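The values are calculated or read from the model by the stated rules, or taken from the named source; none is laboratory data. The structure displayed is predicted, hence computed values, not measured ones. Glycine also receives a Cβ, built like all others from the backbone with ideal geometry; neighbour counts cover every protein chain displayed. Remember, those area values only see protein heavy atoms, side chains included, never the ligands or the DNA or RNA. Shrake-Rupley method; radii C 1.70, N 1.55, O 1.52, S 1.80 Å.
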Amino acid sequence: MHKSLSIEATEYASAAPQPNRLVRGYSLVSAFAFIILSITMLILSLFTPMSIIFRGNEVVFSLSIILTGAEIAFSLGMLHAAILLLRTILSKHRMSHGIGILPGDAAIANAFLYFGISMTAFHLGYTSPTIALAQFITALVGLAFGAGGLALSGVSQPARPLGHITFPIMLRDGVILVVGTILMAIAFGQLAGEALKAPQWNWFSFLGITTPGMFLLMGREGIKARLETRQGLARIPGLLITETLLVLGLAIMLYGSYANLTLGVNGYQVGPKGNETGLILWMVAALLLLVLRGAFKLAISRRGNHVGYRMISKFIYVMILVIFIYSERSFLSGHAPVFAVGGAAPAVAVILFAAFLVLVVGRAAGQKVSLSPARSR
């Protein structure tokens, strides 16, 4: 007896991934990493002194107790990310639908906010440099594992049809790009130092400059997916649009990161000091992203769904990003773009390795695309 099976069902069956030991194993590792990070964040937060002042019949809470309360809340938020992931792993029904983006997004959000609050407490004199450094390292680990959780979400989900995008997919791919890029910027900002140290922090630069740059990069992912059904020379205008958005998003986000983490000032109140060599290299890096990487994407337009080609594209991005970061920092600081290596190099190498895994391996593995275009509904 012959049984017929619709083409749509066949396509979905071939695209839908089956949970395997690798996905379950890394999910468990991530969940326990979130738990360990939560405990570490909580313990470190207790080193921020909490003082209550009594003035007659009034009770005055110092800023330190507010900061500590926020750190504790974000520590518990990291634990919540672990619980979300464990619930998915332990449920066959949830696991059959893949891992959602909530655990990874929750981990990244809590790591970012814990990072900002803890650095604020440090620069206000509430914690020691040693505790601040430990909190800095913990936040970086949280960002790396959170991005890994988002990449795992992409691996466990069916491949999306060509040209089809949803808000969760756009958010997932955009956040992975943002986190990996920020990790690289932090690493190169620390490379010339004698040792790894807690960075500066300014909320105006983070919320007013870095965050809008992040949103621009996330929105670009949606536009890129919408335009990918075009083939051949018809792809050129779309590539120019998406790669221009990439350059603009990077320039804005990295400027905010420099003003925030390196200078610790409001980026709207300072301007670039200017460096001719840095400006030229910055323009070269932008052109490389537009032309070189754009040409590569154009050449593999029919094979871009293959993970190997995606990894090459991401690797090209990372190589150009190194030039982009150094040249932009040179133009902003007024110093020549000199590649200097200090005593912090071993620790920086670990951060760079994590950024490489996020930007190349994680992004390439999670961005699965089916050559079948999206059907209009």
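Picking from SER4, SER27, SER14, which residue would you name as being outside any loop (DSSP other than H, G, I, E, B), open to solvent by 80 Å² or more (accessible area, probe 1.4 Å) and modelled with pLDDT under 90?
Details: SER4 fails: outside any loop (DSSP other than H, G, I, E, B); SER27 fails: open to solvent by 80 Å² or more (accessible area, probe 1.4 Å).
On inspection, the qualifying residue turns out to be SER14.
Considering the range 79-114, the residues that are hydroxyl-bearing (Ser, Thr, Tyr) and either closer than 24 Å to ALA139 by Cα or assigned to a helix (DSSP H, G or I) (or both) include one that is modelled with the highest pLDDT, namely TYR114. The single condition among (1) of a type outside the set (A, V, I, L, M); (2) open to solvent by less than 20 Å² (accessible area, probe 1.4 Å); (3) at pLDDT 90 or above that GLY294 does not meet is (3). Of the residues LEU288, LEU245, LEU250, LEU216, the single one that is closer than 30 Å to LEU162 by Cα, open to solvent by less than 30 Å² (accessible area, probe 1.4 Å) and touching a residue at least 24 places away in the same chain (Cβ under 8 Å) is LEU250.
Taking the range 146-168, which residues are without any contact (Cβ under 8 Å) to a residue 60 or more places away in the chain and not in a helix (DSSP H, G or I)? Walk me through it before giving the result.
Of the residues in the range 146-168, the ones without any contact (Cβ under 8 Å) to a residue 60 or more places away in the chain are 166-167.
Matches in the range 146-168: THR166 only.
Residues in the range 309-333 that are of a type outside the set (D, E, K, R) and open to solvent by less than 30 Å² (accessible area, probe 1.4 Å): SER313, TYR317, VAL318, ILE320, LEU321, PHE324, ILE325, SER327, SER330, LEU332, SER333. Taken together, PHE188, PHE206 contain a single residue that is open to solvent by 10 Å² or more (accessible area, probe 1.4 Å) and within 19 Å of GLN135 (Cβ to Cβ), which is PHE206.
Give LYS273, LYS368 a once-over and let me know the one that is surrounded by 15 or more Cβ atoms within 10 Å (Cβ to Cβ), among the basic types (Lys, Arg) and touching a residue at least 12 places away in the same chain (Cβ under 8 Å). Break it down into steps so the answer makes sense when it comes.
Working: LYS273 fails: surrounded by 15 or more Cβ atoms within 10 Å (Cβ to Cβ).
It is LYS368.
Within the range 219-240, the set of residues being surrounded by fewer than 18 Cβ atoms within 10 Å (Cβ to Cβ) and part of a loop (DSSP other than H, G, I, E, B) comprises THR229, ARG230, GLN231.
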